[in-house]
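Peer 1: I am attaching a structure below and will ask some questions about it afterwards.
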C-alpha cells in the first residue's frame, strides 16, 4: 500500500505518527501534556481534518459541522447507555449517524453554493442546537447534557456478564479503561500516558492517513476541481454535485467520529457542542492552520485548544511567579499588562492571533512553516557556500 | 470476566487485560504506586481548583467568585483579617493552612459551557493536581463538573447553582452544594407572596426553556397553587432570546395579575426590563395591582436591570446587608480588599472553600470519602446564613432563605435589594427522596 | 385581533433592528464584496456609545463623608452627578436624555471607526478569499468586544429611555379598540420610526445623490465603474463608514430595549447574516424586507396558539424560514445572480 | 453523414428573438464554421448544444441522441466537448492536473468515488495527459499552475483538455479571440492537426482568415437565422452574406 505513496508522504506519515505517539514527551514541557488536552488535540484534529476535506478541497464553507459532532456525541453516549461501554460500537454508530445526518443536510444545502450554502448549513445546525437544548430534552437531556447512569441497560455488557457495580461505568476497550493513565517521571517531568488518548491517537493517525489518500487520489483531484471551476467541470463530463456531497458526507463522518470520541474520553454530550460558535471554531482551526493543506488543520486545532485551555488558566499568581526574577515594580507592571491577555483575557489573545496570522500569513500557519523552511534552507545554502569558500581559501593557503 | 475498575493513577490491576496496558519502561520511576487517593498532596501545599466563568455572559459573576476564593485562601493561610473564620462555629481552622499544608490554588474558565468547564476542571485535576474543584455560575455546568469530579475522584464544592437536579436527580457522592435550590425558593417565596398579594391571584409564567427554568417554574407553580393561586399560562422562552416583547404582549390581555419570570442572568435582565417597559409593574388587573416576581435574584442581575428592579420580589441565598456577625465579618473583609460588597455568588463560594477546608481539617485528610464523611450531617453556624446543616442524604445545605425586594431608593449601586423576610429553615426543608437521584458511593480515585 | 395587532407591532419593532443591522451588512457585501464578521461588533460599539455618553454625562463628584461608614468600615462616599450639581434640574434632564443624545455622538464616532477599519484593515482583504475575510473580521470582533469588556465589564448596563418616553401609548382607541387593549411602549414606537427614518435616509442618499449613484453602479459592476476613471476605492471607504454608522445607530437606540453588554454583537451576528441572505445578497430592499418579515414571523411563532401546535417552533423559526426561502428562491427574496455564490 | 443536426430551433429572450427557426447539419469528420455579425445568435446557438440554454422549440440531435433536456456533463459524456470564448480551465491546478481531470472523466464517467486509488499509480492517464500537452506544445510547463499562463497558452490547454477525451464533436467559440497573429497561426495549425485526426468541429469565429483556412463548410447566421450554408469558396461572393455583414449595424 505504502508503495504507491510518495516518499515525502511516507516520511510525513511516519513523522506524524511519531509526534502523535510521543505527544506526552513533547507537550509536557509546555504544559499541555496532560491527558484531557492531548485527547482534545487528537479529537479536534480529526474534526478539522474532516472539515478540511470539504472546505480545503471543494471550497464549500460549511457553518454547521458542529451539528454532526453533536450527533456523534449523543449517539455514542446512547450506545454506552443502551449497548455497551465498549467504544467500538459507540464510534461505529457515531460515524454512521454523522454520515446520515450529513447526507440529508448536505443533500439539501448543496443545492445552493457560496454564502447561501453556508447559511443553509448554519440554519440546520442552529435548529439542531436549539431543539436539542429545549424540545428534544428527552433524547438529549437538554442543558445538563446526556450522561451515563448506573441504571442504564447496557444490553451487550449485561449479556457478557460485565457488572460495573454501584459506581458509574467507564468506557472500556476490551478491558482497557479509557480513563486509565500510567504516570512516570522522566528528567523531572511527570509524563502521563493515557489509554483514552492513545485510542484517539490511533484513530487520528488513521484519519490522517485516509485524508492523505484522499488528497492524492483522483477523487481528491476532482474535489479540487469543484473548488476551482464548476463550470468547466460539468462541461468536462463530471457531475459536481455528487463529488461535493461525497466530500460533505466524508467530513460529516469525521465530525461524527470526533463527537463519538469526545464521548469515549468523557461520557457526556451537551447541546452547546452544536452551537454555531462550535461550527465556527472548526472553520477557524482549519483556516488558522492552513486550509487545503494536509497538516494545517491539525495544527490549527492544537493551537486553538492550547489557547483555550492553557492561556485561560494563567492568573495573576502564576504571572507573578513567572516574572519573579524581575525587580518588583517592573514585575507588577508586566503582570498587569500580561494579565490583559491571559486568564479572563485569553479571548483577546486569540482574536489578535487570528488577525495577525491572516494578515501576515495568508496561507495560515503552514505558510509560516513553509517560509521558515525556505528561509532556513537559504540560510543553510548560504552557510554551506560560506564553508566551501572557507575551505577553498584554506586550501589556497 | 472479573470486575475491572481501573482509575487514572491506578495501574491496570485487572486480570489478564493488564498486560495489554502501557507498561512503564524501567528507566522511568513511577510515582503512581504511592498515592492512596486522587492527587494526594505530597508536598507542603494543597491545591484547590477554582473553576469560574471568565468569559461569556457570567464573566462578572465569575470574577466576583474568584475574588471570594482568593480571600478565602488568604484567610485559610492566616493572611488578612481572617474573615468568617472568626465567626465560624467550627474552630478547627487556625489560619495555618489545612492539615499543615498551605493552600494554593489554580484557576480556569468554564465559559458557562459544560464542555469547556469539564476541560478546565480536567486540566486542574490532571495537570495541576487539584484535590477539590469548586465554582461555576449555572446548573448545567455544575452538574457536568460534578459528574466529572465523581468520575475522577475529587470533591466538587458547587458554586452558584440553583437547579434542584444538582442535589436531586443528578446528585453525586463527591458533590456538595451550599447554595439553595428552586424547591426552597418556592417554599420560601410563596408565603411572602400570599402576604403581599393575597391568595386570589392569576399567575402567568415566562420560563427559560431549559432544565433550570422548568424546575423553577414547577416549584413556584406547586407552592403558589397550594395557596390558591391560579396559573393562567406557562410559556417557554428560548435561552438568550434578547427581545422578549413577543412573549410579554400576550400577558397584557391574558387576565393574569402576576407575572413570574423564571429567567436568570441576561434573560432575566432583559425580560424584566421589557416587562416593566410594557407597563406591567404599574398595571391594574382584576382590580388589583399587577405584580412581577423574579424567583431567583442576584445583585449583578439587579444592577443590569437598573430601575426595573424596584419593588420586585424574589429570593436570594445571601445578601450583604445582613446584620449577623458572620455576614458583617465577611462584608468587612471583602469590602476592605476590593472596595465594594460581595455578591451572593462570592459568599457561597467563600463558604464552600471554608467548609471544605474545615472538613479536611476535621477528617485529618484530603481523601474524598473522609472529607465527605466529615461534611455529611455537619451542623454549623456563623457563615452568614444562621444555623445550617449539610444534609447527609443529598449533600445539600439547609438554611434560612432570604426573600428580597428591589429597593425603591437605593443609596448606592450595590444597595439594590432589601431583605423582606428571612424564611426559617424548617419551612423550606423537604424530604431528600422528593427529588430522586442517587448519591452512589464515594470515589477516591484510587 | 388585538393580540395579532400587538404581535405585528412587536415584529415591526424587532424587524426595524434586524433591518438596520442587515442594511449595513448588505451594503458592505454588495459594494466591497467583504464578508464582515465584525458587523455585530459595530452594533455593539454603537450601543456602548450610549453607555459612554451616559457615563460621561452622569459623571459624579465623589466626596467622602467621614461621619458615615460603609459596612466594611470605610467612609461613605457621597456621589452627586456634576450635571446636576452645576445645572440643577436642567442637568438632570440632560442626563435623562442621554440615549437620544448618544445618537449625535454615535454618528461621528462610528463613522471614524468604520473608516479606520476600512483603511487600516479591510481594504487589504478585498482580493483575499472569503475565508480570510471571515477570519480577520472575526478576530477583530473578538478584540473589539474584549476591549469593551475590559472597560465596562461583562454585566449588562441599564440604559433607560428618557422618562418622557417610558410610558405606553394607547392607540388602540383610534382603531376602535377598548381603552387599554392595544397599548405599546412609547420608546419601541420611537425605535420603529427611527429605523424607518434611517432606512429612508440611506435609500435617499443612494438614490438621489451622485455619490450614491456611483456606489450603486459600483455594486452592480465594480470593474466598469473603475474603468470610468472614478476613484471607487475612496467612495467605498465612505460606504464602509456609512454602514458602520447605520449599525451603530441601530445599537445606540436599541439600548433601552436591550441592556447592552459586550457580547451582544455576537448574538446579533448570526441573525444579521440570516437576514441578509434571506433578503438576497447585495440587495438593500431585500435586507429591509427580510428584516421585517423575519421579525413579524418570529413574533407570530411565539404566540401560545402557534406553540401549542408546533412546540419549540419559536426556537427555530428564523432558521426554518431561511431554509425554506433559500430552497424556493435560490438567491433569497431579492438577490442578484452571481453575488457571493463562490 | 451528419453527426449534428439542428432543426427549427427558436429561442426568445423576453421579446427578443435570438434564434429564429435555425436549421443546421454538421457532417462527421468536417470542420463547420458558423459566422455572422455580432448579435446574430452564434453563441446562443452554441449554448443550445451543450445544455446551457434550452431552445423554446426545435430539436438538436447529436449522433441520434437529443441534446435537449439533459445536463451539460451528460452531453460531454456522449462525446461533445467545448472550448469557450474565455478559456475555462482549473486555474489553481497544474497543467497536467487540468488535462488529467477530463481524462478521468472520460474513463470513469460522471462520478466515481475513487478516493482510495492514488493518482501516482494512474500512469496511463498521466501519460495520456502528457501526450496531449506535448501535442499542444505545453509539455514543458506541465507542472505550472494553469492560472498563470498567457491567454494563448490557456486556450491551448483548454484544447488539450477537450482533446484528451477523444470527442466526437468539438465546439469552439472564437478560439483565436484576443490572440496575437503569431498565436493565431499556431492555433490554426493546431486545429488543422486536430481536424486531420477526424474530429468533427464546429467553430464560431470572427476572424475570416481563420475561417477560410479551416472550414469545410460555413453557415452564415444573421438576426437569428441561417441565411446561407455552403462551401467556403461559394460564401465569399454571396450577396446575402455581404448584405448581412455590410448592411448590418456592425462592421
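Since every read-out is calculated from the coordinates, none of them should be taken as a lab result. In this text, all values refer to a predicted model and were calculated from it rather than measured experimentally. Methodologically, a virtual Cβ is constructed for each residue, glycine included, from the backbone with ideal geometry; neighbour enumeration extends over all protein chains shown.
Peer 1: List C:305, B:421 from most exposed to least, where exposure is judged by having the fewest other Cβ atoms within 10 Å.
Peer 2: C:305, B:421
Peer 1: Here's a follow-up. Would you tell me the mean number of C-beta atoms belonging to other protein chains that fall within 10 Å of each C-beta in B:404-414, as a whole number?
Peer 2: Per-residue shielding by partner chains comes out at 1.
Peer 1: Would you look at the GNM of chain A, springs on alpha carbons closer than 10 Å, and say which of A:292, A:56, A:33 moves the most?
Peer 2: The residue with the greatest mean-square fluctuation here is A:33.
Peer 1: Summarise the partner chain shielding of B:267-277 as one whole number: the mean count of Cβ atoms from other chains within 10 Å of each residue's Cβ.
Peer 2: Per residue, the average neighbour count from other chains is 4.
Peer 1: Right, another one. With an 8 Å cut-off on Cα pairs and a minimum separation of 6 or more residues, tell me the relative contact order of the range B:183-316 in percent.
Peer 2: Rounded, it is 26 percent for the range B:183-316.
Peer 1: Using a ≥ b ≥ c from the Cα gyration tensor of chain A (square roots of the eigenvalues), is it rounded, prolate or oblate, where a/c under 1.5 gives rounded and otherwise the larger of a/b and b/c decides, a/b for prolate?
Peer 2: oblate
Peer 1: Could you sort C:316-326, B:282-292, D:124-134 so that the peptide with the highest average Cβ count within 10 Å comes first and the rest follow in order?
Peer 2: Going from most to least packed, we get C:316-326, D:124-134, B:282-292.
Peer 1: In what sequence, highest mean first, do A:126-135, B:221-230, B:358-367 appear when ranked by Cβ atoms within 10 angstrom?
Peer 2: Per-residue Cβ counts within 10 Å, averaged per peptide and sorted highest first, yield A:126-135, B:358-367, B:221-230.
Peer 1: Right, something else. On a full-extension model of 0.36 nm per residue, what is the gain between residue D:231 and residue D:185, subtracting their alpha-carbon distance, rounded to one decimal in nm?
Peer 2: In short, 14.4 nm is gained.
Peer 1: Take residue D:243 and residue C:69, extend 7 Å from each Cα along the Cα→Cβ direction, and tell me the distance between the two endpoints in nm.
Peer 2: 11.4 nm
Peer 1: Only bridges with both residues in the protein assembly as shown count here: give the DSSP antiparallel percent, nearest 5.
Peer 2: In the protein assembly as shown, approximately 50 percent of DSSP beta bridges are antiparallel ones.
Peer 1: List residues of the range B:368-383, by number, whose backbone nitrogen lies under 15 Å from a label position 7 Å along Cα→C-beta of residue A:166.
Peer 2: B:369-370, B:372-373
Peer 1: Oh, and also: So how tilted is helix C:39-57 from the main axis of chain C? Cα-based, degrees 0 to 90, rounded to 10.
Peer 2: Helix C:39-57 sits at roughly 20 degrees to that axis.
Peer 1: Okay, which of the range B:207-236 sit inside 19 Å, backbone N to the point 7 Å along the Cα-Cβ direction of residue B:199?
Peer 2: B:220-232
Peer 1: Let me ask something else about it. What angle, in degrees between 0 and 90 and rounded to the nearest 10, separates the Cα long axis of helix C:264-279 from the longest principal axis of the Cα atoms of chain C?
Peer 2: That helix lies at roughly 30 degrees to the long axis.
Peer 1: Oh, and also: If contacts are Cα pairs under 8 angstrom and at least 6 residues apart, what is the relative contact order of chain C in percent?
Peer 2: With pairs under 8 Å counted, the relative contact order is 35 percent.
Peer 1: Among A:43, A:14, A:91, which one moves the most in a GNM of chain A with springs linking Cα atoms closer than 10 Å?
Peer 2: Most flexible of the set in this elastic network: A:14.
Peer 1: Please give the contour-minus-distance gain from residue C:324 to residue C:234: 0.36 nm per residue of separation, less the Cα-Cα distance, rounded to one decimal in nm.
Peer 2: 28.5 nm
Peer 1: Order the peptides C:137-144, C:55-62, A:280-287, A:251-258 from the highest to the lowest mean number of other Cβ atoms within 10 Å of their residues.
Peer 2: A:251-258, A:280-287, C:137-144, C:55-62
Peer 1: For peptide A:147-153, how many partner chain Cβ atoms fall within 10 Å of a residue's Cβ, on average?
Peer 2: The per-residue average across the peptide is 2.
Peer 1: Given Cα positions, please report Rg to Rh for the protein assembly as shown, the hydrodynamic radius being the Kirkwood one.
Peer 2: When Rh is taken as the Kirkwood radius, the ratio is 1.02.
Peer 1: On C-alpha positions alone, give me the angle between the axis of helix C:98-120 and the longest principal axis of chain C, in degrees, nearest 10.
Peer 2: The angle comes out at about 40 degrees.
Peer 1: Rounded if a/c is under 1.5, else prolate if a/b beats b/c, else oblate: with a ≥ b ≥ c from the C-alpha gyration tensor eigenvalues square-rooted, which is the range B:183-316?
Peer 2: Rounded is the answer for the range B:183-316, as its axis ratio a/c remains below 1.5.
Peer 1: Can you tell me, using C-alpha contacts under 8 Å and at least 6 residues apart, the relative contact order of the range A:2-313 as a whole percent?
Peer 2: In percent, rounded to a whole number, it is 37.
Peer 1: In a GNM of chain C with a 10 Å cut-off on Cα contacts, which of C:172, C:280, C:11 has the highest mean-square fluctuation?
Peer 2: Comparing C:172, C:280, C:11 in a Gaussian network model of chain C, the most mobile one is C:172.
Peer 1: Which shape class applies to the range A:1-152: rounded if a/c is under 1.5, otherwise prolate when a/b exceeds b/c and oblate if not, where a ≥ b ≥ c are the square roots of the Cα gyration tensor eigenvalues?
Peer 2: Taking the square roots of the gyration eigenvalues as a ≥ b ≥ c, the range A:1-152 is oblate.
Peer 1: Under a plain spin-label model, where a point goes 7 Å from the Cα along Cα-to-Cβ, how far apart in nm are residue C:76 and residue B:92?
Peer 2: With each label point 7 Å from Cα toward Cβ, the separation is 4.2 nm.
Peer 1: Place a point 7 Å from the Cα of residue B:99 along the Cα-to-Cβ direction; which residues of the range B:139-160 have their backbone N under 15 Å from it?
Peer 2: The answer is B:153-156, whose backbone nitrogens lie closer than 15 Å to the label point.
Peer 1: Suppose R0 equals 60 Å; then what is the FRET efficiency for residue C:60 and residue A:324 from their Cβ-Cβ distance, rounded to the nearest 0.05?
Peer 2: 0.95
Peer 1: Set the Förster distance to 56 Å, then compute FRET efficiency between residue D:85 and residue C:151 from the Cβ-Cβ distance, nearest 0.05.
Peer 2: After rounding to 0.05, the efficiency reads 0.45.
Peer 1: Can I ask one more? Using the 10 angstrom Cβ neighbour count as an exposure proxy, how do B:157, D:208, C:117 rank, fewest first?
Peer 2: D:208, C:117, B:157
Peer 1: For A:34, B:210, what's the fewest-to-most ordering of other Cβ within 10 Å of each Cβ?
Peer 2: B:210, A:34
Peer 1: Simple spin-label model, 7 Å along Cα-to-Cβ: residue A:12 to residue D:28 in nm?
Peer 2: 4.7 nm
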